[in-house]
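The values are calculated or read from the model by the stated rules, or taken from the named source; none is laboratory data. Keep in mind that what you see is a predicted model, and the values were worked out from it rather than measured. Glycine gets a Cβ as well: all are built from the backbone with ideal geometry, and neighbour counts include every protein chain shown.
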Amino acid sequence: MKLIAGLGNPGAQYDGTRHNMGFMTLDKFADICTASFDREGFKGVYAIVKNPALPEPVILVKPQTFMNLSGDCVRAIADYFKITIDDLIIVYDDMALPEGTIRLRENGSSGGHKGMQNIIDHYGSDKIRRIRVGIGEPEHNNSIDYVLGKPKGDDLLKIEKATDDAAKALRDILLRGFPYAMSIYNASKEDRS
């Protein structure tokens, strides 16, 4: 069994904000799988995907703890379903990547992302697979307003493309493995065309 956690903040006021790229990606992936977030528990809302195309069941979880305590939910649900760190994937926003891009990594630091750092702290390891969804950097160094802001116009189109790509990357990870998905989605745009 695999666990995919998309990070974000709960509540309507945060819908569509840059900090909710994990939630947005999981919503799109749930649409691909025709799954719904119809369960609550472990400080989150989650779906269990049992799709004949997938080799094993997959749990999709959106922590409802607010970003900085994401690990409380992720660790609780993983422990309950006996899912190891090797079967965990985290999806979250990243200012260090250009808006509209994604990057898959098998391990590494949180890069200052407090939700990812909280998960690393819960596990005592940074060997956690992840998909980082690029949101770019703010022009005027006000990162809090920026990540909690809602992109519009061209920015929104780029974010939509990135979350579409991240959802497709999740599909490819589950069907063909993480190294395969990295070879496709970490390639430059020229390589992918």
Exercise for the section: Read through the list (1) surrounded by fewer than 22 Cβ atoms within 10 Å (Cβ to Cβ); (2) over 26 Å from TYR146 (Cβ atoms), then give the number of the only condition that PHE42 fails. Expected result: (1)
Exercise for the section: Looking at (1) farther than 26 Å from LYS152 by Cβ; (2) among the small types (Gly, Ala, Ser); (3) modelled with pLDDT of 95 or more, find the lone condition where ALA53 falls short. Expected result: (3)
Problem - Tally of residues being surrounded by 15 or more Cβ atoms within 10 Å (Cβ to Cβ), of a type outside the set (D, E, K, R) and out of contact with any helix residue (DSSP H, G or I) (no Cβ under 6 Å at 6 or more places or on another chain) across segment 91-100 - result: 2
Practice task
For segment 140-161, state whether one or more residues are farther than 20 Å from ASN20 by Cβ, out of contact with any Lys or Arg (no Cβ under 7 Å at 6 or more places or on another chain) and either surrounded by fewer than 20 Cβ atoms within 10 Å (Cβ to Cβ) or modelled with pLDDT of 95 or more (or both).
Solution key: yes
Practice task
Inspect all residues belonging to segment 81-99 and state whether any of them is more than 27 Å from SER183 (Cα to Cα) and of a type outside the set (A, V, I, L, M, F, W, C).
Solution key: yes
Exercise for the section: Scan segment 85-116 residue by residue and report those that are out of contact with any strand residue (DSSP E or B) (no Cβ under 6 Å at 6 or more places or on another chain) and among the basic types (Lys, Arg). Expected result: LYS114
Exercise for the section: State yes or no: is LYS28 in contact (Cβ under 8 Å) with a residue 24 or more places away in the chain, under 24 Å from LEU156 (Cα atoms) and among the charged types (D, E, K, R)? Expected result: yes
Exercise for the section: Could you check, for segment 37-52, whether at least one of its residues is closer than 14 Å to ILE173 by Cβ and aliphatic (A, V, I, L, M)? Expected result: yes
Fill in the blank from the handout: The helices (runs of 4 or more DSSP H) lying entirely within segment 122-193 that contain at least 1 residues which are over 19 Å from the mean Cα position of the chain (by Cα) and more than 25 Å from ASN51 (Cα to Cα) are 143-147, 153-176, 189-192
Exercise for the section: State yes or no: is ILE32 at pLDDT below 95, more than 21 Å from TYR146 (Cβ to Cβ), part of a helix (DSSP H, G or I) and not basic (Lys, Arg)? Expected result: yes
Completion exercise
Taking segment 50-76 and keeping residues crowded, with 21+ Cβ neighbours inside 10 Å and within 14 Å of LEU26 (Cβ to Cβ) leaves VAL58, ILE59, LEU60, VAL61, LYS62, PRO63, SER70, CYS73, VAL74
Handout entry: Pair list, Cβ under 6 Å, 6 or more apart: segment 45-56 residue without any contact (Cβ under 8 Å) to a residue 12 or more places away in the chain, other residue assigned to a loop (DSSP other than H, G, I, E, B)
Key = LYS50/PRO57
